[in-house]
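Read the figures in this text as sums done on the coordinates, not as results from a lab. Given the structure is predicted, the values throughout are model-derived calculations rather than measurements. Here Cβ is always computed from backbone atoms with ideal geometry, including for glycine, and neighbour counts include all displayed protein chains.
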Amino acid sequence: MTGIEQITEAQAIDAHLNDRPPITLPDGTKIKVTSGLWACVCDTRNFTGRDSAGKVIDFEKCRSWLGNIGYLVLLDQIGSCFKDRNKAIETGSSIQTALKYFSNISQDEVDAIYALRCALAHDYSLVNKNASRLNLQHQFALTGGTGTLMVNPLQPWDGDMLNRSQNNQTLIDLQQLGNLVEDVYAKVLELASRSELEVVLAGGKNELIARYTFAYQVP
């Protein structure tokens, strides 16, 4: 980690978002920098049947619950770390802010995706109960290949486990969810290339490096 503090914010962002060749520091030291985000991108694509560009090559894998948790984790980290410099500050969870900054989906879809993360990641279920925030209360059914990210239930679910039916299911297409997060990642890359991506961590680029970056010296 010697000399890591010499990396500029732009270099830290670039290294965080991409797989890049080693960086040469002002003192001549060469270091290879990679990140948890890049690891998540690679692992998630592998487990959801996508190629190195994020395109589906194995439809059955793209519907993997466990694989798609990776996409939800990716949203979580993006929302924790970055915002679009051109947009006003948004409130909400890191997943919600990531979707607000870097996508154009509806508020209902934003909230449902956050609720799905809570259901899958907390206890690998398809139910998220939240009596105080009804916009986050869903019982989900996961699909693939429909071409539509989300279909709202015919009637909202009331949170009663004995009152679950197809009429109050929220449908989420996992292939479209993966496509959405790939688009978010592409948007983040685009903004970074134009110096329009802002680090929102309290500790700035130093925290980005300390929390998410792995660096080692190379010959």
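Bridges between two residues of the chain, per DSSP, are antiparallel at a rate of about 75%. Once backbone amide H atoms are built at 1.01 Å from N, Ser64 has no partners under 5 Å, excluding neighbours fewer than 5 places away on the same chain. Under the convention that each Lys and Arg Cβ holds +1 and each Asp and Glu Cβ holds -1, the size of the dipole of the chain around its Cα centre is about 160 debye. Taking each DSSP H run with n ≥ 4 as -39500 (n - 2.57) and averaging over every residue of the chain yields -14000 deg cm²/dmol at 222 nm.
Labels on offer are [x] 19.1; [y] 19.7; [z] 18.5, and the one holding Kirkwood radius over Cα pairs in Å computed from this structure is [z].
Each part reduced to its alpha carbon centroid, the stretch 163-219 and the stretch 105-133 end up 17 Å apart. 3J(HN,Hα) along the stretch 136-150: 9, 8, 9, 10, 9, 10, 9, 10, x, x, 7, x, 10, 4, 9 Hz, from the Karplus curve 6.51 cos²θ - 1.76 cosθ + 1.60 with θ = phi - 60°, whole Hz, x for Gly and Pro.
Phi angles of the stretch 163-174 translate, via the Karplus equation with coefficients 6.51, -1.76, 1.60 and θ = phi - 60°, into HN-Hα couplings of 10, 9, 8, 5, 5, 10, 8, 9, 8, 10, 8, 5 Hz per residue; Gly and Pro are given as x. Taking θ as phi - 60° and the Karplus parameters 6.51, -1.76 and 1.60, the scalar couplings of the stretch 37-44 work out to 5, 5, 4, 5, 4, 5, 5, 5 Hz in sequence order, x denoting glycine and proline.
Under 5 Å between amide H atoms, partner at least 5 residues away or on a different chain: which partners does Leu171 have, H built in plane at 1.01 Å? Under 5 Å from the amide H of Leu171 lie the amide H atoms of Ala141, Val151, each far enough along the sequence or on another chain.
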